[in-house]
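Asks: One structure follows; several queries about it will come next.
The values are calculated or read from the model by the stated rules, or taken from the named source; none is laboratory data. The structure displayed is predicted, hence computed values, not measured ones. Note that each Cβ is placed from the backbone with ideal geometry, even for glycine, and that neighbours are counted across all protein chains shown. Please note that ligands, DNA and RNA were not included when accessible areas were found on the heavy atoms of the full protein model with its side chains. Shrake-Rupley method; radii C 1.70, N 1.55, O 1.52, S 1.80 Å.
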Amino acid sequence: MIHIKGLTKQYKDFVALDSIDLQIAKGEFVYLVGPSGAGKTTLLNMIFYSDFPTEGDIYINRFCLKGLTEKQIPFYRRNVGMIFQDYKLLPGRTVYENVAFALRVVSCPWAQIRRKVLQVLELVGLQHKIMQYPHELSGGEQQRVCIARAIVNSPPILLADEPTGSLDPDTSWEIVQLLSKINMRHTTVVVA
């Protein structure tokens with residue numbers, strides 16, 4: 001599913017990644033572990049195609065990311081859900097609208113949007129919070145909205161950048177259990 005070959009990322013003053021080789025099979029649940037500054041987020045951003053390597057190649061389902069055009073990027077990203085460290089929820093939109101937004105940008109029909117959004121909100125345990133705004137939710141609930149938004153398109157790959165970093169131990173465990181449940185639905189999950 002994910003094949004990384006000789007991946008290097010050189011920033012102005014330091015090397016974030018140095019000749020990384022990595023293979024992740026379809027349906028695997030993989031943790032990227034290392035200290036702060038080890039390059040975990042950089043690697044996830046490169047798989048998501050929001051950052052670019054200095055050298056090396058990333059293949060997703062044998063498709064090389066190096067040659068993506070601007071027009072192809074949105075279509076590629078439909079295959080990769082991303083859970084960001086800082087949630088990136090739209091503050092003026094409800095839980096329902098935050099999740100539905102991911103489907104609206106890909107021109108999904110309204111009837112499908114409603115069905116899919118309600119399904120994923122039930123999966124993450126937030127079906128009773130659909131009309132609330134992000135500021136009315138706990139950190140764990142906001143993270144579950146992010147997870148719902150990341151999986152509403154049923155991507156084959158889910159990337160999670162420190163999804164439990166700012167949560168208490170009990171909520172962290174719930175998030176890890178939820179990611180495991182998503183993985184059991186044949187989604188490849190990569191967690192930093």
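Asks: Could you give the dipole magnitude of the range 1-145 about its Cα centre, charging the beta-carbon of Lys and Arg +1 and that of Asp and Glu -1, in debye to the nearest 20?
Replies: Once rounded to the nearest 20, the dipole reads 580 debye.
Asks: Also, quick follow-up: GluC sites (Glu not before Pro) within the range 1-99: which are DSSP loop residues with at most 10 other Cβ atoms inside 10 Å?
Replies: Glu70
Asks: Follow-up. Whole number in Å², please: accessible area per residue of the chain, 1.4 Å probe, ligands, DNA and RNA not counted.
Replies: Spelled out: the 1.4 Å probe surface of the chain, per residue, equals 54 Å².
Asks: Per DSSP H run of at least 4 residues, take -39500 (n - 2.57); add these up for the chain, divide by its residues and hand me the 222 nm value, nearest 500 deg cm²/dmol.
Replies: Taken over the chain, the calculation gives -10500 deg cm²/dmol.
Asks: If you split all Cα-Cα distances of the chain into 5 Å bins from zero, what percentages do you get per bin, shortest first?
Replies: Final binned percentages: 1, 8, 16, 20, 20, 16, 11, 6, 2, 0, 0.
Asks: Here is a further query. With an 8 Å Cα cut-off and a minimum separation of 6 or more residues, compute the relative contact order for the chain in percent.
Replies: Relative contact order here is 27 percent.
Asks: Sticking with this one: What distance in nm separates the two pseudo spin-label positions at Gln132 and Lys12, each 7 Å out from Cα along the beta-carbon direction?
Replies: With each label placed 7 Å out from Cα toward Cβ, I get 4.2 nm.
Asks: Can you tell me, using C-alpha contacts under 8 Å and at least 6 residues apart, the relative contact order of the range 1-66 as a whole percent? All intermediate terms of the calculation are to be shown ahead of the outcome.
Replies: Values: 107 pairs, mean separation 28.0, N = 66.
Across the range 1-66, relative contact order equals 42 percent.
Asks: What percentage of the solvent-accessible surface of the range 16-120, computed with a 1.4 Å probe over protein heavy atoms, is contributed by carbon and sulfur atoms?
Replies: 54 percent
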